[in-house]
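The values are calculated or read from the model by the stated rules, or taken from the named source; none is laboratory data. Everything numeric here is computed off the predicted structure, so don't read it as measured data. Neighbour counts are summed over all protein chains in view; Cβ atoms, including those assigned to glycine, are modelled from backbone coordinates with ideal geometry. Quick note on the areas: whole protein, heavy atoms, side chains included, nothing else; ligands and nucleic acids left out. Shrake-Rupley method; radii C 1.70, N 1.55, O 1.52, S 1.80 Å.
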Amino acid sequence: MADQKATAGAVLFAVAALAAASPCAAADFTLTSPTIRSDAALPQKHLLDGFGCTGDNLSPALSWAAPPAGTRSYALSLYDSDAPTGSGWWHWVVFDLPATATGLPEGAGSSATGGLPAGAVQSRTDFGSPGYGGPCPPEGDRPHRYVFTLTALAVDSLPLDQQASGAMVGFFVRQNAIASTSLTVVFGR
């Protein structure tokens with residue numbers, strides 16, 4: 001019985017480690033923004049307008065450079081692993097960004113602006129609908145880490161649509177990843 005529990009524990013640990021593993025990062029593949037930095041306060045324009053926050057809910061401008069060889073498309077996500085849900089919180093999920101793209105303008109996450117390249121898909125976030133949902137951690141909670149991750153993919157598109165959850169997109173992204181780069185900001189209130 002003790003051996004079975006030890007084996008089960010080792011299997012669970014291995015599965016968790018595999019699930020947490022991210023695609024390798026290409027040395028020169030970078031993700032940057034002119035308005036958000038890991039060492040600066042998050043501007044109010046990028047915060048959620050809801051749940052007690054009064055931001056503008058505007059996705060930041062992002063740019064990337066030096067994609068790895070073989071990149072055929074990109075996926076982008078904004079994820080808060082510190083959300084008090086037990087499973088984190090998907091704030092933004094975009095995929096089928098063309099390999100020719102080198103960035104997104106500020107506000108691209110709004111369905112009203114049309115700032116995404118043709119063919120790109122925003123899928124369902126944990127707010128329940130597609131599009132950017134800015135940070136707004138619970139008041140008094142420790143500061144949360146918000147991670148923008150751009151992944152270079154070896155496929156032109158994913159077999160998903162705008163109803164796909166962040167977890168489902170994450171599964172297909174990991175299956176087709178070449179490399180990833182990220183930008184992390186910390187915010188609390």
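If you scan the range 41-56, which residues turn out to be touching a residue at least 40 places away in the same chain (Cβ under 8 Å) and open to solvent by less than 50 Å² (accessible area, probe 1.4 Å)?
Leu42, His46, Leu47, Leu48, Gly50, Cys53, Gly55, listed by residue number.
Just give me the residues in the range 64-81 being polar (S, T, N, Q), open to solvent by 50 Å² or more (accessible area, probe 1.4 Å) and in contact with a strand residue (DSSP E or B) (Cβ under 6 Å, 6 or more places away or on another chain), in sequence order. Can you show your working first?
The initial filter retains those residues of the range 64-81 that are polar (S, T, N, Q), namely 71, 73, 77, 81.
Keeping just the survivors that are open to solvent by 50 Å² or more (accessible area, probe 1.4 Å) gives 81.
Listed by number, the list is empty, since nothing qualifies.
Could you count how many residues in the range 58-82 are part of a loop (DSSP other than H, G, I, E, B) and within 16 Å of the chain's Cα centre (by Cα)?
6
Quick check on Arg174: is it in a helix (DSSP H, G or I), among the charged types (D, E, K, R) and either closer than 27 Å to Thr100 by Cβ or in contact (Cβ under 8 Å) with a residue 24 or more places away in the chain (or both)?
Spelling it out, Arg174 is indeed in a helix (DSSP H, G or I), among the charged types (D, E, K, R) and either closer than 27 Å to Thr100 by Cβ or in contact (Cβ under 8 Å) with a residue 24 or more places away in the chain (or both).
Going through Val169, Val185 one at a time, which residue ends up being in a strand (DSSP E or B) and of a type in the set (Val, Ile, Thr)?
Exactly one residue qualifies, and that residue is Val185.
Mind listing whichever residues of the range 158-180 are of a type in the set (S, T, N, Q) and within 24 Å of Phe127 (Cα to Cα)? If you could, list the steps in order and put the result at the bottom.
Filtering the range 158-180 down to residues of a type in the set (S, T, N, Q) leaves 162-163, 165, 175-176, 180.
Correct list: Gln162, Gln163, Ser165.
Scan Pro159, Pro138, Pro84 and give me the residue that is touching a helix residue (DSSP H, G or I) at 6+ places or on another chain (Cβ under 8 Å), touching a residue at least 12 places away in the same chain (Cβ under 8 Å), more than 21 Å from Leu183 (Cβ to Cβ) and surrounded by fewer than 20 Cβ atoms within 10 Å (Cβ to Cβ).
On the way: Pro138 fails: touching a helix residue (DSSP H, G or I) at 6+ places or on another chain (Cβ under 8 Å); Pro84 fails: touching a helix residue (DSSP H, G or I) at 6+ places or on another chain (Cβ under 8 Å).
Matching residue, one of Pro159, Pro138, Pro84: Pro159.
Go through the range 164-185 and give me each residue that's open to solvent by 70 Å² or more (accessible area, probe 1.4 Å) and either under 30 Å from Glu139 (Cα atoms) or β-branched (Val, Ile, Thr) (or both).
Met168
Would a scan of the range 87-95 turn up a residue that is in a loop (DSSP other than H, G, I, E, B), open to solvent by 10 Å² or more (accessible area, probe 1.4 Å) and modelled with pLDDT under 95?
Checking the range 87-95: at least one residue is in a loop (DSSP other than H, G, I, E, B), open to solvent by 10 Å² or more (accessible area, probe 1.4 Å) and modelled with pLDDT under 95.
Pick from the range 101-135 the residues that are farther than 30 Å from Gly70 by Cα and within 16 Å of the chain's Cα centre (by Cα): which of them is surrounded by the fewest Cβ atoms within 10 Å (Cβ to Cβ)?
Of everything passing the filter in the range 101-135, Gly128 is surrounded by the fewest Cβ atoms within 10 Å (Cβ to Cβ).
For the subset of the range 136-166 comprising residues that are part of a loop (DSSP other than H, G, I, E, B) and among the charged types (D, E, K, R), which member is farthest from Gly70 (Cα to Cα)?
Glu139
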